[in-house]
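The numbers here are math on the coordinates, done by the rules we state, and not lab data. Keep in mind it's a predicted model, so treat the numbers as computed, not measured. Backbone-built Cβ (ideal geometry, glycine too); neighbour counts: all protein chains shown.
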Amino acid sequence: MSNPGPSTPSWNSLRPPRSRKDRPCDACRQRKHSCLITIRGEPCAYCKRLNRECRFEMPPRGRPGGSEWMRKNRQDGGRSESEVSQDSRAIKPIMAMWSIAPPFDDEDPEDGDEEWHPSLDLSTNDLEESHFLGTSAIQDFSLLAGHALPTGTSSLGLRQVSKDPGHNAFFIRSPAFFYGGGGTETMNTFQRVILLLGTDTGELLLQRFLKTSLPAFPILNSFRLIAACSGQQDAGPVPHALLCGIIGHCLTYEYNLRPQFKAVWKEALAAEDAEYKQPRLQALQLALISLTTRPSQAHTVNAITLARSVAVAHILGLHVDCSEWRLPRWERSVRKRVWWALVIQDKWIAIIHGRPSLIHRLHRSVPLPTLDDSDWGEFQAQDEDDSSAEDSTASFIGQCELALVIESMLDGFYTPRPQRSSDSLALEDLNDLSTKLDALQARLPNCLVWKAGQRRADLATGIRCFQMTFLGVRVLVARLYVASHLQHQAISGPEARSISLALDVCSDVVAFVEALDPETDYRSFWLPHCSFLLSTTLGLLLSLSVRLQTNSSRNVTSTASRIQQFHAKSSDLVRRLVLNLKRAKTVHHWEVAETAMTRGNELLRSVAGSLPNLAALAEESVEATSRG
């Protein structure tokens, strides 16, 4: 975090989030987002972007009496976003912010459409926890839906959270820590991590998480994290296990601290194991942090983590649409984002390792997240304007949509019993995938679209990761097109067209890598599957080079020149991609390139005998790996 410049208003002079002194404007109340007014008398950040004045015509919300309001706050298991006091001279470290964070309210009293509801996640304690019950389990208790207590909880320990009588959603209270456990175990683990790194380093890494990783992968509410760490009443216990994972995750951003990764991550995994003894959102959030941490080399551990995470998500009912549940708004939003983050990991791990996906489309009803499900404009407003945080959220939504494309690819081409049964059906599936990608690209906001030759240093975190993912998915589709023509000995007209398409798609990836800025882009947020997409691009280019090399003499004169052009282009793209990845790895220590070259070197070695023009490149790459 950088200190605010001389022209930047003091944080204390802004309209604080959830302010009861300064009313939010009508537009922000309707959008259910914070009204960030940097200078009193001027429009808020949202209205300023629309070049209009703020309006304050909506009536204030009717508020219950003081005693009733206090009673509800005491009963609430989770209270939402808090303002963070800010020193006007400099931004305080995270640890200091925790110690000065003031109390916060669960629901905005100015938000007239929101009813107060107790948190489901924060009702979990050392004595009991809540588990979701599906339709088959609650058929015998369906009559309870009409006879539940006003709070939605029955005498049998069932809580009905759904407002729709046609779609009951019950949670049952069960004893917690059935086989023992508790918060002391993870607290000791966190203390060991701090002893390894020091308090100052821990603060640095936590700030990096809030600035770089969380906006692009919004799996938790930052205000609630700060409130819990500051020990605020009803904010939940201090999330020691989650903090261990956050610190270990962010070691990748600091090259000088990477030697500490193994020791810290060992403690983080121990904290994660302890969290599974009591399933709750925090356990899933920690697991997702683990799955997004780079370098991603412990594939067996990740596979087990994913399987356990899916089981926990089902126990918590995250696979069911909670939009109309009686839960605080922040909790509904977090549940949706955590679920889709899990879907992203499930689909990519499945296609990377060629294993079955654990989440099936028939067993979920959660709609795609929207900007209304984000927390932008709240805590992030300290470091970035609303548009930057909104762009990061848009990149996460884009990742969710790409995960659905990967799901269609898995179902159509990589299952033990693929849906297609003939070449014509395979072509239809490929065309369907291409159509989905084209439709997604057409509706993308401009900030997410990559254009060759366009260099921007002010992109929000997460955008480069999405752009890489989008280009990489196009490579996966092109690889399927090329593979569908490999049964022919000579290169035919349709195969030549598929090769031309694949070379154009791979060329975009190479140009994208060449355009990345080492100082900003390399240090931004990247998901582990980006390394796989880079090595897959290299693998496709090498496959094309081998195919073109071995078939150049089999084609008639009319197509021979075109084949030679393709071969020259594929070889050139291989050289450019490998040289850029090696430079990013050795000079700039970009671990995404390092992981990609681990697999890339194996690919180069495997074709060195068939491609003499790339033999020297393969040998050099192997030597560079041995030196690293």
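Toward the positive end of the charge dipole of the stretch 245-374, with +1 on the Cβ of Lys and Arg and -1 on the Cβ of Asp and Glu, the farthest Cα among Ile351, Val334, His299 is that of Ile351.
As an exercise, identify the GluC sites (Glu not before Pro) in the stretch 492-539 lying in DSSP coil whose Cβ has no more than 13 other Cβ atoms within 10 Å. Write down the numbers at each step before the final one.
Details: sites: Glu495, Glu514, Glu519; in loops: Glu519.
Those that pass, being in a loop and sparsely packed, are Glu519.
Among residues other than Val343 with Cβ under 10 Å from its Cβ, the summed charge is +1 (Lys and Arg +1, Asp and Glu -1).
Assuming 0.36 nm per residue, please report the length gained on full extension of the stretch Ala483 to Lys451 beyond their Cα-Cα distance.
Values: separation 32, 0.36 × 32 = 11.52 nm, distance 2.79 nm.
So the extension gain works out to 8.7 nm.
In the structure shown, do any of Lys262/Lys436; Lys211/Lys266; Lys48/Lys451; Lys266/Lys582 have a Cα-Cα gap over 32 Å, and if so which?
Over 32 Å Cα-Cα: Lys262/Lys436.
Annotation: extensible slack from Val587 through Glu53 equals 187.3 nm (criterion: 0.36 nm per residue apart, minus Cα-Cα distance).
Counting other C-beta atoms within 10 Å, which of Ile289, Ile491 has the fewest, and how do the rest follow? Don't skip to the answer; put the middle values down first.
Values: Ile289 26, Ile491 22.
Arranged by neighbour count, lowest to highest, Ile289, Ile491 become Ile491, Ile289.
Suppose every K and R has +1 on its Cβ and every D and E has -1 on its Cβ; what is the size of the dipole of the stretch 156-278 about the Cα centre, in Debye to the nearest 20? Walk me through the intermediate numbers first.
Numbers: 11 positive and 10 negative charges, 35 e Å.
Computed charge dipole of the stretch 156-278: roughly 160 debye.
Amide H contacts of Glu129 (H built 1.01 Å from N, in plane; Pro and chain starts excluded): Ser174, Ala176 sit under 5 Å, all sequence-distant by 5 or more or on other chains. Near Ala169: Cβ cut-off under 15 Å, other residues only, Lys/Arg at +1 and Asp/Glu at -1. The net charge is +3.
What ranking do Lys451, Lys582, Lys163 get, fewest neighbouring Cβ atoms within 10 angstrom at the top?
On the way: Lys451 10, Lys582 21, Lys163 13.
So the residues, fewest neighbours to most, are Lys451, Lys163, Lys582.
Think of each Lys and Arg Cβ as +1 and each Asp and Glu Cβ as -1; about the Cα centre, that makes the dipole of the stretch 284-344 roughly 140 debye. Listed by Cβ neighbour count within 10 Å, with the fewest neighbours leading, Ser531, Ser561 appear as Ser561, Ser531.
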